[in-house]
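**Student:** Take this structure, written in structure tokens, and hold onto it; I'll ask about it next.
What follows is calculated from the coordinates using simple rules that are stated; it is not laboratory data. What you see is a predicted model; the values in this text were computed from it and never measured. Glycine gets a Cβ as well: all are built from the backbone with ideal geometry, and neighbour counts include every protein chain shown.
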Amino acid sequence: MSKIPGTLPPAPGQVDDVPAMADMPLPPSLESRRGQMFPKLAPAEIDRLRRFGTVHTWQPGEILFDPGKPGAGMFVLLRGRILITRKNGLGIEFPIVESGPGNFTGEVGQLSGRPPLAYGRALEVVETLVIDPPSLRAVVVAEAELGERIMRALILRRMGLIEIGGGGPLLIGPPSGAAMVRLQGFLSRNGHPYVVLDPAVDSVAEDVMRLHVPQPNELPLVVCPDGTVLRCPTERELAHRLGLYIELSADRVYDVAIVGAGPAGLACAVYAASEGLSVLVLDTHAFGGQAGASARIENYLGFPTGISGQALAGRAYVQALKFGAEMVVPVEVTSLDCSSFPHALQLDCGVRISAKTVVIATGAKYRRPAIPELEKYEGRGVYYWASPIEASLCGQEEVVLVGGGNAAGQAIVFLASHAAHVHHLIRGPDLAKSMSKYLIDRIGSLANVTLHTESEIVAIEGCEEGVGGVHWHNRKDGSKYAKSIRHIFLFVGADPNTEWLGNCGVKVNDKGFVCTGLDLTSADYVRPAYSTDGYHPLPLETSVHGVFAIGDARASSTKRVAAAVGEGAAAVAQVHARLASRKADPARAVEQAEPLGRIN
């Protein structure tokens, strides 16, 4: 780890050379909404906000907020002017907006106290109303109309920073490198702005490479906004440096811990937090799950023209933050201990978290087909989703996609608009049994998509740089095909992400999916000490009292986004029921001394 010299922000009290510049140019999609991004509050509206904050005064040149410190919340300008800028890791500063009385600062990160993505500097004596993150969440809930305007502005500002690539790290290296694609995927899926610079075509990136002389396995270099340079960091290292990772305390007991931030987990978080429960959401990679990587979901209720999985997940994520849910990414739950109350979750960072109830929402992952050396090419030409990052690598090239479900269909439609040709391989005779008709019809109308039925990949050619060719054959007639193809997309079946459950007492079926409710017999669970003789797990409850399963990880679930969201909402009522039963029990000390689940 090192730093680019000369990139530190000015010290408090120091007036920088940055003049009061013109506001940040916006992409066409947002320019018409500039007024919504930077609204001006009326005096009466500011008066309504005063009970949520405290007044502070700043001298000319002082820094109100910067990306190197935890977010203080939202600043409402009462007097004076401030200049808000973004600065990349090379020390280059760009204007965002100059704000005066009636304006307010912030974007969605301030709902949770994450470091801001911009600098705020006083241009003259400034007086502000500072509304800290908990109070800001109270504002958007208590003040319906005003809160809606504030939330819209916070969301649009983050969107603007993402689209113009401001306020985030510089990723320097070959755009198609496996680690580059990995880090881009992590940042984009988590809604964090960044910029990719290719040293082969960008002179600034070339200069950084000369300065740090990275080895091939140290690429990409990541230049953070504070000037720190990371060499091919892990997602967690990058998250820590950017302030995305929230440190957890082993002393706190949550009402509900949700493991997995896909559609089911996010829905559960929104409903649980909105009803006043303390909620912790944990995910190993990003919010949205598999659905978050879908280019377009067209059969989700209320979106007749469709919505991208990232947009749907992003809205749900912000909703969860709005109601006070704590979201931690990336972190992995390695085990669940249900031997006493409250339940304990062991995390890979070494922290042990306690929760009165646990919701398993870890979803499923696409299977690895039995193709020789497949793992060697993962991230280097073999992908398990099709986001804009992967699609950008396929411009006017032929690609292969394997899979016959709806996710595969959505990916085909998306990739067909980027690739020269999509070869679609399925093992069955047709798509009718596994894919929605609207997707079958749409794919059938695409001239650059060829469906190869009863076919499977038998070999991949390549080198250290990645995939170079694909061989497949027809299982029915034995015909063989070979193509010089560099990109393969696999959407083959699904295995549940339930290995972490181990011996905690949660029953899974022979395929690893979690059994709940009517899937369980009396031999599968232990009746809690305080329950009646008629006790049976609730519909979404597992064999362990107070542990629930929703979404794709659940054995009897419908594998659809809408179904997962519905289960996430329904689980909250059942969580309430279990929390209420524990509160009503007069002999809780006895209950806590007895095991709550059967160890398989």
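**Student:** Using +1 at the C-beta of Lys and Arg and -1 at the C-beta of Asp and Glu, which of Tyr535, Gly517, Phe489 has the Cα lying farthest in the positive direction of the dipole of segment 480-541?
**Tutor:** Ranked along the dipole, the leading option is Phe489.
**Student:** What Kirkwood radius, in Å to one decimal, follows from the Cα pairs of segment 146-229? Let's see the in-between values first.
**Tutor:** Values: mean 1/r = 0.0720 Å⁻¹.
Averaging 1/r across every pair of different Cα atoms and inverting gives 13.9 Å.
**Student:** OK, next. What is the gain in length, in nm to one decimal, between Phe303 and Ala200 on full extension, counting 0.36 nm per residue of separation less the C-alpha to C-alpha distance?
**Tutor:** Details: separation 103, 0.36 × 103 = 37.08 nm, distance 4.18 nm.
Using 0.36 nm per residue and subtracting the Cα-Cα distance, I get 32.9 nm.
**Student:** Distances longer than 22 Å among the Cα atoms of segment 345-461: what percent of all pairs is that? Intermediate results must be reported in sequence, preceding the final value.
**Tutor:** On the way: 2992 of 6786 pairs.
Looking at segment 345-461, the distances longer than 22 Å represent 44 percent of pairs.
**Student:** Where in segment 391-491 are there trypsin sites (Lys or Arg not before Pro) that are in a DSSP coil and have at most 11 other Cβ atoms within 10 angstrom of their Cβ? Numbers along the way, then the final one.
**Tutor:** On the way: sites: Arg427, Lys433, Lys437, Arg442, Arg475, Lys476, Lys480, Lys483, Arg486; in loops: Arg427, Lys433, Arg475, Lys476, Arg486.
Listed in order of number, the matching sites are Lys433, Lys476.
**Student:** With r defined as the distance between the Cβ atoms of Val141 and Ile246 and R0 fixed at 25 Å, what FRET efficiency is calculated, to the nearest 0.05? Intermediate results must be reported in sequence, preceding the final value.
**Tutor:** On the way: r = 21 Å, r/R0 = 0.83.
Once the sixth-power term is evaluated, E becomes 0.75.
**Student:** State, to one decimal in nm², a quarter of the convex hull surface area for the C-alpha atoms of segment 471-552, i.e. the direction-averaged projected area. Could the numbers behind the result be given before it?
**Tutor:** Values: hull surface 35.9 nm².
The directionally averaged projection comes out at 9.0 nm².
**Student:** Now, a different point. Charges on Cβ only, +1 for Lys and Arg, -1 for Asp and Glu, centred on the Cα centroid of the chain; of Thr57, Thr362, His212, which one is farthest towards the dipole's positive end?
**Tutor:** Result: Thr362.
**Student:** Using amide H atoms built in the peptide plane, which far-off residues or other-chain residues are under 5 Å from His452 H to H?
**Tutor:** His424, Leu425, Ile426
**Student:** On to the next question. For segment 385-528, treating each Cα as an identical point scatterer without solvent, what Debye log10 I(q)/I(0) comes out at q = 0.12, 0.17 1/Å?
**Tutor:** -0.61, -0.94
**Student:** Need the C-alpha centroid separation for segment 338-370 versus segment 163-241, integer Å.
**Tutor:** Each part reduced to its Cα centre gives a spacing of 31 Å.
**Student:** So, one more: Restrict the search to segment 382-488; then list the GluC sites (Glu not before Pro) that DSSP places in a loop and that have at most 12 other Cβ atoms within 10 Å of their Cβ. Show your work: numbers first, answer last.
**Tutor:** Values: sites: Glu390, Glu397, Glu398, Glu454, Glu456, Glu461, Glu464, Glu465; in loops: Glu397, Glu454, Glu464, Glu465.
Answer by residue number: Glu464.
**Student:** Another one. Assuming a viscosity of 1.002 mPa s and a temperature of 20 °C, what translational diffusion coefficient in µm² per second does Stokes-Einstein assign to the chain, Rh being the Kirkwood radius over Cα pairs?
**Tutor:** Values: Rh = 26.0 Å.
Estimated via Stokes-Einstein, D reaches 82 µm²/s.
**Student:** So how long is each side of segment 430-477 along the principal axes, counting just the alpha-carbon atoms, biggest first, in Å?
**Tutor:** If we take the Cα atoms of segment 430-477, the spans are 40, 25, 18 Å.
**Student:** Below 8 Å between Cα atoms, with a sequence gap of 6+, how large is the relative contact order for the chain in percent? Mind dumping the intermediate values first?
**Tutor:** Numbers: 1353 pairs, mean separation 68.2, N = 600.
Across the chain, relative contact order equals 11 percent.
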